[in-house]
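Undergrad: Structure provided below as structure tokens; questions to follow.
The values are calculated or read from the model by the stated rules, or taken from the named source; none is laboratory data. Computed from a predicted model, the values in this text were never measured in an experiment. In this analysis, Cβ positions are derived from the backbone assuming ideal geometry, glycine residues included, and neighbour counts consider all displayed protein chains.
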Amino acid sequence: MKRDTIVYGVDPDGTIADNAQLIIAARVHELIECEGCVRHPEQVVELHRMRIAAKRLRYTLEIFEPALGKAVLGAIQAMKEVQELLGAIHDLDVLTPLLVDELRRVLRPGEQAETWQSVDYAGAVGLASLCRRKHAQRRSLHRQFVRAWRQLRKTGVLDELCGGETTRPAQEVSHALVS
């Protein structure tokens, strides 16, 4: 995903609705470019990029909602759900490695404990249990995300937002919509 997709064809003298169509199509394509990671829970960075793309699309839709009307409300809600699920997954992707590092530190004699006999085993068990729960929670969230994404694609919401062109790169769609 590119940080900033250049949207070609935006006309300062054009209508808000016409320009919105171009910008929304670019944001949809930023999101679709990330789709390859949906079924790969281990692709932490890519899933985070997808979250950012979903957020950008959602906020773009919210900006243009007054001009486009209630037709985009369903898409806004769908993006909110995707964004929230990916956000919760990302939170766990940040938190769990920190917990694992702390568990390693607690188990390493010499860091806090003088000998193996003075290791905080209860603390280590608690941390290990917490890590296990967070891992299970992430797996569950990822399954929910995959279901939400499948439903989103099945409904055709993204296709409708950019005129049915979700398989083409954003730049090509922007050019196609201008012609």
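Undergrad: Confirm whether G74 is surrounded by fewer than 16 Cβ atoms within 10 Å (Cβ to Cβ) and in contact (Cβ under 8 Å) with a residue 60 or more places away in the chain.
TA: Yes, satisfied.
Undergrad: Taking only region 53-71 into account, find how many residues are closer than 17 Å to L152 by Cα and touching a residue at least 12 places away in the same chain (Cβ under 8 Å).
TA: Result for region 53-71: 7.
Undergrad: Picking from I6, I24, I16, which residue would you name as being farther than 22 Å from A88 by Cβ and buried (at least 18 other Cβ atoms within 10 Å of the Cβ)?
TA: I24
Undergrad: Sticking with this one: Among K80, K55, which is the only one that is surrounded by 18 or more Cβ atoms within 10 Å (Cβ to Cβ), out of contact with any Phe, Trp or Tyr (no Cβ under 6 Å at 6 or more places or on another chain) and over 30 Å from D120 (Cβ atoms)?
TA: K55
Undergrad: While we're looking at this one, here's another question. Could you tell me how many of the residues in region 138-153 are over 16 Å from I32 (Cβ atoms), charged (D, E, K, R) and exposed (fewer than 14 other Cβ atoms within 10 Å of the Cβ)?
TA: Result for region 138-153: 3.
Undergrad: Yes or no: R58 part of a helix (DSSP H, G or I) and on the phi < 0 side of the Ramachandran plot?
TA: Considered against the rule, which asks whether it is part of a helix (DSSP H, G or I) and on the phi < 0 side of the Ramachandran plot, R58 comes out as yes.
Undergrad: Moving to a separate point now. I'm told P41 meets every condition in (1) closer than 15 Å to R138 by Cβ; (2) part of a helix (DSSP H, G or I) except one. Can you identify the failing condition by its number?
TA: Checking P41 against (1) closer than 15 Å to R138 by Cβ; (2) part of a helix (DSSP H, G or I), the one that fails is (2).
Undergrad: Going by the structure shown, is V106 modelled with pLDDT under 90 and either surrounded by 13 or more Cβ atoms within 10 Å (Cβ to Cβ) or under 25 Å from A17 (Cα atoms) (or both)?
TA: When the stated conditions are applied, V106 passes them.
Undergrad: Among all residue pairs at least 6 apart or on different chains, which show Cβ distances below 8 Å where the first residue, located in region 127-139, is in contact (Cβ under 8 Å) with a residue 60 or more places away in the chain and over 15 Å from R104 (Cβ atoms) and the second is surrounded by 15 or more Cβ atoms within 10 Å (Cβ to Cβ) and not aromatic (F, W, Y)?
TA: Pairs found: R138/P41; R138/I89; R138/L92; R138/D93; R138/T96; R139/P41.
Undergrad: Next question. Looking at region 57-67, is at least one residue under 30 Å from L130 (Cβ atoms), modelled with pLDDT of 95 or more and of a type outside the set (S, T, N, Q)?
TA: Within region 57-67 (the criterion being under 30 Å from L130 (Cβ atoms), modelled with pLDDT of 95 or more and of a type outside the set (S, T, N, Q)), the answer is no, since none of the residues qualifies.
Undergrad: Can you confirm whether V125 is out of contact with any helix residue (DSSP H, G or I) (no Cβ under 8 Å at 6 or more places or on another chain), aliphatic (A, V, I, L, M) and farther than 30 Å from R153 by Cα?
TA: In short, yes.
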